[in-house]
């Protein structure tokens, strides 16, 4: 599938790190470094604009290494970019660590996955079918 993209940044286009990667790295597009203090959140621009076909979305997710090693994650994870959005892709980052974190131009800050979805129609009924699990949730199967 080919997707139209405008890159107003000085960074390369999002790309897959390996042949089997599902996500493409997104890079920060910054004129000056941004400091993210502990517990602080900021919207980081990428300089990218995409034209998704109807029936597809872009999901913005954290980079696992950045989250595990630095405590930096995507606040509204996964963020959704709808097919009719034509604005710049921006990423809401939050610093969950106790250390100051600096974001520089070109830093890989998130990953983007393009995903197909289906729209549904609701069929309003008075009750739904029962299952073996039924309404069990939030750890109902135990920890072991």
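Any residue at all in the stretch 51-62 that is in contact with a strand residue (DSSP E or B) (Cβ under 8 Å, 6 or more places away or on another chain) and exposed (fewer than 12 other Cβ atoms within 10 Å of the Cβ)?
Scanning the stretch 51-62 turns up at least one residue that is in contact with a strand residue (DSSP E or B) (Cβ under 8 Å, 6 or more places away or on another chain) and exposed (fewer than 12 other Cβ atoms within 10 Å of the Cβ).
Mind listing whichever residues of the stretch 31-80 are touching a helix residue (DSSP H, G or I) at 6+ places or on another chain (Cβ under 6 Å) and over 17 Å from residue 113 (Cβ atoms)?
Listed by number, the list holds a single entry, 72.
Answer with yes or no whether residue 88 is at pLDDT 95 or above, within 24 Å of residue 12 (Cα to Cα) and out of contact with any helix residue (DSSP H, G or I) (no Cβ under 9 Å at 6 or more places or on another chain).
So residue 88 passes the test.
Which of the residues spanning the stretch 110-144 are surrounded by 10 or more Cβ atoms within 10 Å (Cβ to Cβ) and part of a loop (DSSP other than H, G, I, E, B)?
117, 136
The values are calculated or read from the model by the stated rules, or taken from the named source; none is laboratory data. Just so you know, these numbers come straight off a predicted model, no measurement behind them. Every residue, glycine as well, gets a Cβ built from its backbone with ideal geometry; the counts of neighbours run over all protein chains shown.
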